[in-house]
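Chemist: Input: one structure, supplied below.
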Amino acid sequence: MRHGLYLPLFGALADPHVAVDVARCAEQSGWDGLFVWDHVLTPVPGEWDIACPWIVMAAAAVVTSRIRLGPMVTPLPRRRVMKLARETVTLDRLSRGRLTLGLGAGGDIGREFSAFADCVDARQRAQVLEEGAAVLVSLWAGESVNHRGAVVAENVRATPGPIQQPRIPVWFGTARTTGGPVERAARYDGVFTLGGTFERSARDDTAIKFGVDPARVARIAETVAGVRGTCDGFDIAVVAGPDDDLDGLRAAGATWAMQAFWPWHRADEVLRVIERGKPG
């Protein structure tokens with residue numbers, strides 16, 4: 001199991017210099033990845049400063065050489081697919097092949113769709129996610145794309161392509177353990193499990209306990225294996241910390257455990273947790 005950091009670019013952590021310090025410290029302390037929230041408005045009660053994840057990840061790529069980087073997750077329905085293609089390829093090349101792209105349908109918590117007259121219908125957003133992911137992969141491959149549906153891309157081609165082949169790894173965020181969202185993820189490279197309850201760790205109140213259930217992970221693994229025939233080469237990422245059952249999660253099929261932070265965390269608190277090193 002690999003261990004990453006799950007960071008909200010909110011509050012004190014919205015300072016891009018702090019985020020760069022976090023990335024540098026994570027690499028030096030042996031962590032395997034840094035994954036950041038992608039929001040334009042806040043889904044968390046209160047008023048928060050918010051940073052752009054793409055600029056922060058680019059800065060993090062420059063000061064690191066080993067850890068994986070990525071948004072968890074980018075709501076594709078509020079993005080132009082060509083713009084996302086350009087951003088992801090540029091970041092993959094800048095990081096020399098260390099990008100993992102988390103995608104999701106998004107939600108209107110915090111009015112991130114309705115405030116801008118974007119689609120709030122869940123089924124329509126799911127269709128945009130389905131089609132948009134396929135178009136994105138075709139653009140990465142340098143294919144001439146002519147697609148008209150929930151996503152429109154008429155006779156367009158994007159070069160250069162990413163460093164990673166056959167593509168940048170794509171994970172899909174979902175709170176489901178079976179059904180369409182997990183089956184969609186199974187056709188790509190990973191799933192990022194959403195849902196559960198955040199609480200302060202009993203061991204250290206600067207850390208977060210997520211309380212993810214290994215049984216949920218096992219159901220996801222079973223669904224994925226049903227589509228792919230195996231879970232080999234497929235990532236199941238969970239938000240989990242030292243107080244969670246990491247051995248149970250690993251046995252159930254989890255390949256990544258993300259140590260979560262929350263917008264109220266100060267920079268020094270985050271750095272203190274990171275400097276202790278990854279669990280185990």
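The values are calculated or read from the model by the stated rules, or taken from the named source; none is laboratory data. What you see is a predicted model, and the numbers here were worked out from it, not measured in a lab. All Cβ positions, even for glycine, are placed from backbone atoms using ideal geometry, and neighbour counts span all protein chains on display. All accessible areas refer to the heavy atoms of the entire protein, side chains included, with ligands and DNA or RNA removed. Shrake-Rupley method; radii C 1.70, N 1.55, O 1.52, S 1.80 Å.
Chemist: Can you give me the Rg/Rh ratio for the stretch 37-117, using Cα atoms for both radii and the Kirkwood formula for Rh?
Modeler: In the stretch 37-117, Rg relative to Rh is 0.99.
Chemist: Here's another thing I want to ask about it. If you roll a 1.4 Å probe over the stretch 2-276 with all protein chains in place, what percent of the accessible area is carbon or sulfur?
Modeler: C and S atoms contribute 50 percent here.
Chemist: Still on this structure: Explain nothing, just the number: dipole magnitude of the chain about its Cα centre with +1 on each Lys and Arg Cβ and -1 on each Asp and Glu Cβ, in debye rounded to the nearest 20.
Modeler: I would put it at about 720 debye.
Chemist: Also, quick follow-up: Which is farthest toward the positive dipole end of the chain among L94, F10, N146, measuring Cα position about the Cα centre, with Cβ charges +1 (Lys, Arg) and -1 (Asp, Glu)?
Modeler: So the residue furthest toward the plus end is N146.
Chemist: Given a 1.4 Å probe, how much area per residue of the stretch 2-276 is accessible, in Å²?
Modeler: Result: 43 Å² per residue.
Chemist: Run the dipole for the stretch 38-121 about the Cα centre, Lys and Arg Cβ at +1, Asp and Glu Cβ at -1, nothing else charged, and hand back the magnitude in debye, nearest 20.
Modeler: Once rounded to the nearest 20, the dipole reads 600 debye.
Chemist: Tally Lys/Arg at +1 and Asp/Glu at -1 over every other residue whose Cβ is under 14 Å from the Cβ of R79; what's the total?
Modeler: Once all neighbours under 14 Å are counted, the net charge is 0.
Chemist: While we're looking at this one, here's another question. Using 0.36 nm per residue of separation minus the Cα-Cα distance, give me the extension gain between A251 and F116 in nm, one decimal.
Modeler: 44.3 nm
Chemist: A follow-up question, please. What Kirkwood hydrodynamic radius, in Å, does the chain give when the mean of 1/r is taken over all pairs of distinct Cα atoms and then inverted?
Modeler: That comes to 19.0 Å for the chain.
Chemist: Additional query: From Cα pairs below 8 angstrom and at least 6 apart in sequence, can you work out the relative contact order of the chain, rounded to a whole percent?
Modeler: Once divided by the residue count of the chain, the mean separation gives 21 percent.
Chemist: In nanometres, what is the gap between the two model label sites at H17 and M82, each 7 Å from Cα along Cα-to-Cβ?
Modeler: Those two pseudo-labels are separated by 3.8 nm.
Chemist: Per residue of the chain, what 222 nm ellipticity follows from adding -39500 (n - 2.57) for every DSSP H run with n ≥ 4, rounded to the nearest 500?
Modeler: It comes out at -10500 deg cm²/dmol, rounded to the nearest 500.
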